[in-house]
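Reading through the C-alpha cells given below for one structure.
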Amino acid sequence: MQSTTWALGSRTPLMHGGAHEGSSLLRSRLERPWSTRSLSGRHTTVAQRVHRSATTASRQSSRCSWKVLGTRRKTLHPGRDRVLQQHDKFVSASSAAQEGQSQEEDDATMLASQVAIGMLQTGSSLGSGSAAVAKDAADETIAHSEDAAQQAISTPSRWKRRWTIIALCFIAFMLCNMDRVNMSIAILPMAQQYGWDTATIGIVQSSFFWGYLLTQVLGGVWADKFGGKRVLSFGVIWWSMATALTPLAASLGLPVLLVMRACMGVGEGVAMPAMNNLLSRWVPVGERSRSLALVYSGMYSGSIMGLALSPQMVARLQWPSVFYVFGFIGIFWFLAWEKNASSSPAVDNKISKEERDYITSKTIKQREGTQVPWKLILSKRPVWALILSHFCHNWGTFILLTWMPTYYNQVLGLDLMKSGIYSVLPWITMAIAANIGGWVADAMVQKGVSVTRVRKIMQSIGFLGPAFFLTQLSKVTSVGGAVGCMMACQGLDACSQSGLYSNHQDIAPRYSGVLLGMSNTAGVLAGVLGTAATGMILKTGTWDDVWRVAIGLYLVGTVIWNLFSTGEQIID
C-alpha cells in the first residue's frame, strides 16, 4: 500500500511503498549537507532565530510522535523510544547552528528533514507499524520546522537599525550641551582673569546664541536638501573646532572671543533641525515621543557631564583644559557617525527589509526636491502658536542653562566646585523626567487619547511646573530648598519634549526640519535676549526680578498653546 509524503521546499508529493523508499527519495532532495562551519558570517542573528524555531518545531512534533505512538504503547515501546531519539539530534543540531552561522530558511528545514530521514529509517528497521508511526512524526517535524523557520527569518532582529541612529543622535546632543555649559563654569575664573563685570559676562554668554540664531532655519532647509546625516556631521565638527579654539580666542581679546562663541553657535544651530529631519524619516509615529525624549535627554546628560567634570578640570588643569578636552571628543563621534549613520532607511545598506518596510509604512513619505510652502506654513495659527510658545519656553530655560552656577555662587555663596555639583542635580532630574514623559505621552496616544490633547497636557506641565517652582525660590533660605526648587523646575520643564518639541512632526511631518528651525529661531532669540537681559537686570536689580520675567512668559505661553495649538497634521 502506497502512502504520500511531501518533499521539502516543494508541493510535489513523494509516493513510496515503505520507509526505505521514502527515506531515499527524501535524501535525494537534500543535496547540500548541513555544516555550520561553511555558513556565511553575516547571518548570526538568523541562526539564533532558526535555533529557537527548530527547538519549537521539535517540541511540537515530539508531542505528535508521543500522541501517535502512545496508542501502541505496549507493542511499539522500543520504536517509540528510538524515533523520539531523533528529536534530540534535531535540537542538538539546531544548537550548533546557534554557535555557528545560518544561510536561508531551508537550512532549518534541512535539519528537520535529516531528522525525518532518521525517523523513517528507524521505523523501517522496527517493522511496518513503526514505519507508519515514524513517517507521521517525520512529516509533522518537517511541517512544523518549515513554518517555524519561515517565521524566524521574517522576524526582525532584536536590535533595530533605527535605534543606532537614535543612540548616535543622543550622543551628539550630549556633546552639544557639554560644549555649551562648560562656559557657564569657566566664565567664573575667566571673569576674574580678564576683569569682566556681570554685564560683560552676560554678553559673553549670549554671544553663542548670535550664531545659533543664524542657522536654525538654514539647518532645516539644508537637512531637507542634503540629508540630516551630512548636516549633523558638519554641525558637530564645526562646533567642536570652535570649542577647542575658545582659549586662544579669549587670549586675543573680547571681540575675538565673541566671534568664536558665535561660530560655535553656528554649528550647534543646525543640530536640532537636522536631528528632527532624521527622526521624521527613521521613527514611526507611535515611537516618536519617547524617541525624541531620549535624544533630547542627551542634552541633559551633556549638561550633567559638563557641569560635573568642568569644575574638576578647572581646579586641576586650569580653565582652558575644559575647552580642549570637550572639543576633541567630537572627532571620535564624527568617525562613528560617518560609519554607521544614514539620512533615511531608503538609503541605508545595513537595515533589514522588514524594518525598512515597517518604518516606511508608519512614516510620511518625503518628497525630495519639493519647495517649502512658506506662505502656507506662515498662514497657519498652530504654526504661530508653536513659534510663540517656543519663545516663552526658552526664555526661562536658557537663563537656567547659562546662569545657574552663577546663581549658586552669588546667592547661595557656594564655591566653584559646589556650584558645579549642585548644578548637575536639576539636569539629572530633567533627563529622567524627559524619558518618563515620553513613555507616558506615547502610552496615552496608543490608548486612544488624541495627539492634540496629549501635546496640550504635556506642554502645560512644561510651562506651569517651572513657573510655580520659580515663585518658591524667593521663599526658601537653605541650599537644599533652592536646589530642590531648581530640580523640580527643570524636571517638569522636560515634559515639553513631549509637548511643543514633538509638535513639529505632528503638524508638518514633511517639513519638520524647517518648522523646527523656525520655532527654534524664536526660542534662540529668547535665549539671546534673556541671557543678556539677566546680566543687565542684575546690575541694578535682584534675582527675583529675573524670575518674575520668566514666570510671566511661562504663563503667556500656556494660554497661547492651549488656545491655538493642535496635534493634527495641517500641512501635507
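Read the figures in this text as sums done on the coordinates, not as results from a lab. Since this is a predicted model, take the numbers as computed values, not measurements. Neighbour counts are summed over all protein chains in view; Cβ atoms, including those assigned to glycine, are modelled from backbone coordinates with ideal geometry.
In terms of packing, defined here as the mean over residues of other Cβ atoms within 10 angstrom, the peptides 471-478, 213-220 line up highest first as 213-220, 471-478. For the stretch 367-437 versus the stretch 332-349, the spacing of their alpha-carbon centroids is 28 Å. Taking every alpha-carbon pair under 8 Å whose residues sit at least 6 apart, the stretch 386-502 reaches a relative contact order of 35 percent. Think of each Lys and Arg Cβ as +1 and each Asp and Glu Cβ as -1; about the Cα centre, that makes the dipole of the stretch 161-564 roughly 1000 debye.
Ranked by the mean number of other Cβ atoms within 10 Å of their residues, highest first, the peptides 245-251, 176-182 fall in the order 176-182, 245-251.
Taking K and R as +1 and D and E as -1, what net charge do the other residues with C-beta under 15 Å from the C-beta of C176 add up to? Once all neighbours under 15 Å are counted, the net charge is 0. Computed over the stretch 161-564, relative contact order equals 28 percent, with contacts defined as Cα pairs under 8 Å that lie 6+ residues apart. Which of rounded, prolate, oblate describes the stretch 218-326, given a ≥ b ≥ c as roots of the alpha-carbon gyration tensor eigenvalues and a/c under 1.5 marking rounded, otherwise prolate only if a/b is larger than b/c? Oblate shape, in that a/c is at least 1.5 and b/c is the bigger or equal ratio. Please name whichever of G527, T397, S233 sits farthest to the positive end of the charge dipole of the stretch 161-564, dipole taken about the Cα centre and charges placed at Cβ: Lys and Arg +1, Asp and Glu -1. Of the listed residues, the answer is S233.
Each peptide in 373-380, 305-312 was scored by the mean count of other Cβ atoms within 10 Å over its residues; highest first, the order is 305-312, 373-380.
Counting charges near G523 (Lys, Arg +1; Asp, Glu -1) among other residues having Cβ under 15 Å from its Cβ returns a value of -1.
Computed from the C-beta positions of A308 and E355, the FRET efficiency with R₀ = 45 Å rounds to 0.80.
Can you give the FRET efficiency to the nearest 0.05 for D572 and L464, using r as the Cβ-Cβ distance and R₀ = 30 Å? Computed FRET efficiency for D572 and L464: 0.35.
Using θ = phi - 60° in the Karplus curve 6.51 cos²θ - 1.76 cosθ + 1.60, the 3J(HN,Hα) couplings for the stretch 202-216 round to x, 5, 4, 5, 7, 4, 4, 6, 4, x, 4, 5, 5, 9, 5 Hz; x is entered for Gly and Pro.
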